[in-house]
Amino acid sequence: MMAAPNKSTYTKKYMIKEGLPIYVRHAKKCSYGGNRNLNSIKYIVVHYTSGSSDSSANEATYFATGNTRSAGAHFFVDKQGIIFKTVNMKEIAYSVGGLYTLSNGAGRYYRKCTNTNSISIELCSYVKGMPVKAQMQAVACLIKYIQRKCPNAKTIIRHWDVNGKCCPAPMAGKSSINWKTFKKKMKVAGVKAKWA
């Protein structure tokens, strides 16, 4: 059983059908902009924070109090399987903009997947290999939840697939074994999607 985060780190908590809580701490306005209809969301984008010991609560606190850049994500999931929502799904998080490279298969979804038509999930405390079991289970539950709320979010891709950024680095690349394993584990967990 996962330990609950300190009550001072979130403003609200709700349970999803899969039995997991989602903790809410809304990010500063510089992290997102504009609204959209949930039916307009077509993509779920997997990212990583690149931190080796961060938690979803730490990330939520940073984006609520410290962030000064035009950057954000809807959800953060840590290795304990704790999920934080920092941007409402109806809001447009600044998470997949810019172009890094279109070389070697990167950026295949450039200009197709945008901030406006995607939901972003950040993996915390993940820098090599595969995410741990609790994190994988929480991500699978979260994707199912997102797909219930956003019925057209049928394609799951990496940030690397959107604009070539090496994110999540352990899963980046055209022939990434870790990405193939991640997709397989999500399918086994009952996630239905088109995958990059």
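Kindly establish whether G34 is exposed (fewer than 14 other Cβ atoms within 10 Å of the Cβ), over 16 Å from the mean Cα position of the chain (by Cα) and over 24 Å from A196 (Cα atoms). Here the answer is yes, as G34 does meet what is asked.
Scanning the stretch 37-72 for residues that are closer than 22 Å to P170 by Cα, surrounded by 14 or more Cβ atoms within 10 Å (Cβ to Cβ) and among the hydroxyl-bearing types (S, T, Y) turns up Y43, Y48, T49, S50, S55, S56. Go through (1) outside any helix (DSSP H, G or I); (2) free of Cβ contacts under 8 Å to residues at least 60 places away in the same chain; (3) of a type in the set (S, T, Y) and name the single condition S120 misses. With respect to (1) outside any helix (DSSP H, G or I); (2) free of Cβ contacts under 8 Å to residues at least 60 places away in the same chain; (3) of a type in the set (S, T, Y), S120 is out only on (2).
Against the test of being out of contact with any Pro (no Cβ under 8 Å at 6 or more places or on another chain) and closer than 22 Å to N163 by Cα, the options G72, G66, G81, G19 yield a single qualifying residue, G72.
F84: assigned to a strand (DSSP E or B), touching a Phe, Trp or Tyr at 6+ places or on another chain (Cβ under 9 Å), free of Cβ contacts under 8 Å to residues at least 60 places away in the same chain and surrounded by 23 or more Cβ atoms within 10 Å (Cβ to Cβ), yes or no? Criteria not met by F84. R25 passes every criterion in (1) crowded, with 18+ Cβ neighbours inside 10 Å; (2) under 27 Å from A196 (Cα atoms); (3) not β-branched (V, I, T) apart from (2).
Considering (1) closer than 21 Å to G81 by Cα; (2) among the basic types (K, R); (3) in contact with a Gly (Cβ under 9 Å, 6 or more places away or on another chain), the lone condition that R148 does not fulfil carries the number (3).
A Cβ distance below 7 Å, combined with a sequence gap of six or more or placement on separate chains, defines the contacts here; from the stretch 177-189, residues that are under 15 Å from I157 (Cα atoms) and surrounded by 17 or more Cβ atoms within 10 Å (Cβ to Cβ) reach residues that are at pLDDT 95 or above and charged (D, E, K, R) in the pairs W179/R158. Out of the residues in the stretch 178-195 that are touching a strand residue (DSSP E or B) at 6+ places or on another chain (Cβ under 9 Å) and assigned to a loop (DSSP other than H, G, I, E, B), state the one that is farthest from M136 (Cα to Cα). Looking at the filtered set, the residue picked out is A193. Filtering the stretch 99-116 to residues that are hydrophobic (A, V, I, L, M, F, W, C) and within 15 Å of W195 (Cβ to Cβ) leaves only C113. If only residues of the stretch 1-37 that are among the aromatic types (F, W, Y) and not in a loop (DSSP other than H, G, I, E, B) are counted, the one that is farthest from V77 (Cα to Cα) is Y32. For the stretch 110-159, residues that are touching a His at 6+ places or on another chain (Cβ under 6 Å) and either surrounded by fewer than 20 Cβ atoms within 10 Å (Cβ to Cβ) or at pLDDT below 95 (or both) total 0. When I44 is tested against the conditions (1) aliphatic (A, V, I, L, M); (2) within 21 Å of R158 (Cβ to Cβ); (3) in a loop (DSSP other than H, G, I, E, B), the lone failure is (3).
The values are calculated or read from the model by the stated rules, or taken from the named source; none is laboratory data. All values reported here derive from a predicted model rather than from experimental measurement. No Cβ is skipped: glycine too gets one built from the backbone with ideal geometry, and neighbour counts run over all protein chains shown.
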